[in-house]
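Heads up, the thing below is written out as structure tokens.
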Amino acid sequence: MSRRILAVLGSAVLALSMAACSGEGAGSGGNDSDKPGDLTIGVSMPTQTSERWIADGNSVKEKLEAKGYKVDLQYAGDDIPTQSQQVDQMITRGADVLIIAAIDGTALSGQLQAAADAKIPVIAYDRLIRDSPNVDFYVSFDNYKVGVAQATALLVGLGVQNKDGSKGNASGPFNIELFAGSLDDNNAHFFFNGAMDTLKPFVDDGTLKVKSGQTKIEQVAILRWQQEAAQKRMEDLLTSSYNDGGKVAGVLSPYDGLSRGIITALQNAGYRGDMPVVTGQDAEIASVKLINDGVQSSTIFKDTRLLAEQAVVAGESFLQDKSPEANDTETYNNGVKVVPSYLLPVQTVFKDDIKPVLIDSGYFTAEEVASGQAKG
Ligand code: BGC
């Protein structure tokens, strides 16, 4: 009890001293200087097990440092207490803005309260932070459209629909299975909703059949987006629902890491030339190689360079005591308020799109695609 009181007093003192340093404005945390070199941006990323978050972290850091800011970049190893502690430390070390990609969207409200008390603006990066009034801005992609794009890529891969949206030659019925991301990630729900709204008419008219019967997000979600857990679930599905000789024709997968686990399970069960249509997300280099080799069907490319740029633009606005420009002020209700957002568009990548979308834009080189390894 006494420790709690001390902690509360501590943060009140901290908040007062921060307010004293930064004057009365609504602006940034622990510094009244507006010289970039005197300002620190805390950047909290969820994990280094997925290449996209490494790219995100590096891009944000490089872009901020190029403008002269100091950057405190931390990765939390997909461990919620570690992320809470890292954000706490950023606040006590005097961060002026926080950019956070949360592991669990509901687990940081204590830290965000401390940030608000210290007048530190918080930008939710790609993943919305929920259940807190203290999220000032959100930068992400159009996450519902990611789900629509994934489901559309599945339909196109199966030949049910053509790329231009017209009706394809194939009519099924096709056995498919569904996967979703981590339930504590707000995005996982947007992806799944977008996908299911798109697939529903084809399930209803019998073109697609979810043979396992598992169609609810709670049944198909993979905690922490783990590749091994997706492989295990696919193995279980093959044993439980496809032991009658039935074949899987397609798998809705929301993330390349999960897709690789799913593909491994399918390969171990003997699928080769008859590999089902497997979707993905993030254009991770190992999966881009699989698409190039005709093993994975598609991915959704989200240009993390552009997302990092938006985070930097929003961060700078806060540092200049301005509100960042939003292009969506309706969609992202975090349970307490609608968080003003800047959403970026996404692109579907099939094999034919690798060169124009990923190589010509400088995201990967042709050598990286061929080897399946990014040189960084
Ligand atoms: C991101 C996806 C990513 C997933 C797993 C989501 O929050 O929006 O791009 O695939 O997390 O890391």
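The values are calculated or read from the model by the stated rules, or taken from the named source; none is laboratory data. Predicted model, so just to flag it, every value in this text is computed and none were measured. A quick note on method: Cβ atoms are made from the backbone with ideal geometry, for glycine too, and the neighbour counts reach across all protein chains shown. With ligands, DNA and RNA removed, areas are computed over all heavy atoms of the protein, side chains included. Shrake-Rupley method; radii C 1.70, N 1.55, O 1.52, S 1.80 Å.
Put simply, of Ala107, Ala101 the only residue that is open to solvent by 30 Å² or more (accessible area, probe 1.4 Å) and within 16 Å of the ligand (Cβ to nearest atom) is Ala107. What is the residue count in region 215-269 for residues that are in contact (Cβ under 8 Å) with a residue 12 or more places away in the chain, under 17 Å from Ala286 (Cβ atoms) and among the polar types (S, T, N, Q)? Counting residues in region 215-269 that are in contact (Cβ under 8 Å) with a residue 12 or more places away in the chain, under 17 Å from Ala286 (Cβ atoms) and among the polar types (S, T, N, Q) gives 6. The residue that is nearest to the chain's Cα centre (by Cα), counting only those in region 183-193 that are surrounded by 22 or more Cβ atoms within 10 Å (Cβ to Cβ) and not charged (D, E, K, R), is Asn187. Residue count for region 254-301 satisfying the condition of being over 26 Å from Thr239 (Cα atoms), of a type in the set (D, E, K, R) and touching a strand residue (DSSP E or B) at 6+ places or on another chain (Cβ under 9 Å): 2. Of all residues in region 73-88, those satisfying the criterion of being in contact with a strand residue (DSSP E or B) (Cβ under 8 Å, 6 or more places away or on another chain) and either under 20 Å from Gln226 (Cα atoms) or without any contact (Cβ under 8 Å) to a residue 12 or more places away in the chain (or both) are Tyr75, Ala76, Gln83. Here Ala7, Ala26, Ala12, Ala55 are screened, and the one residue that is among the hydrophobic types (A, V, I, L, M, F, W, C), modelled with pLDDT of 50 or more and assigned by TED's automatic domain parsing to the domain that holds Ala311 is Ala55.
Candidates Val135, Val139, Val146: the one that is among the β-branched types (Val, Ile, Thr), more than 12 Å from the ligand (Cβ to nearest atom) and touching a strand residue (DSSP E or B) at 6+ places or on another chain (Cβ under 6 Å) is Val135. What about Lys70, is it open to solvent by 10 Å² or more (accessible area, probe 1.4 Å), touching a residue at least 40 places away in the same chain (Cβ under 8 Å) and either touching a Lys or Arg at 6+ places or on another chain (Cβ under 7 Å) or more than 14 Å from the ligand (Cβ to nearest atom) (or both)? The answer is no for Lys70.
Can you tell me which residue in region 242-273 is nearest to the ligand (Cβ to nearest atom), limited to those that are on the phi < 0 side of the Ramachandran plot and open to solvent by 50 Å² or more (accessible area, probe 1.4 Å)? The residue in question is Gln267.
Among the residues that make up region 77-93, is at least one of them touching a Gly at 6+ places or on another chain (Cβ under 7 Å) and within 12 Å of the ligand (Cβ to nearest atom)? No, that holds for no residue. Annotation: of all residues in region 280-298 being outside any loop (DSSP other than H, G, I, E, B) and touching a residue at least 60 places away in the same chain (Cβ under 8 Å), the one that is nearest to Leu155 (Cα to Cα) is Ile291. On the basis of being closer than 23 Å to Val336 by Cβ and crowded, with 19+ Cβ neighbours inside 10 Å, does Ile123 make the cut? Answer is yes for this residue. Within region 311-336, the only residue that satisfies the criterion of being of a type in the set (D, E, K, R), under 19 Å from Phe190 (Cα atoms) and open to solvent by less than 60 Å² (accessible area, probe 1.4 Å) is Asp328.
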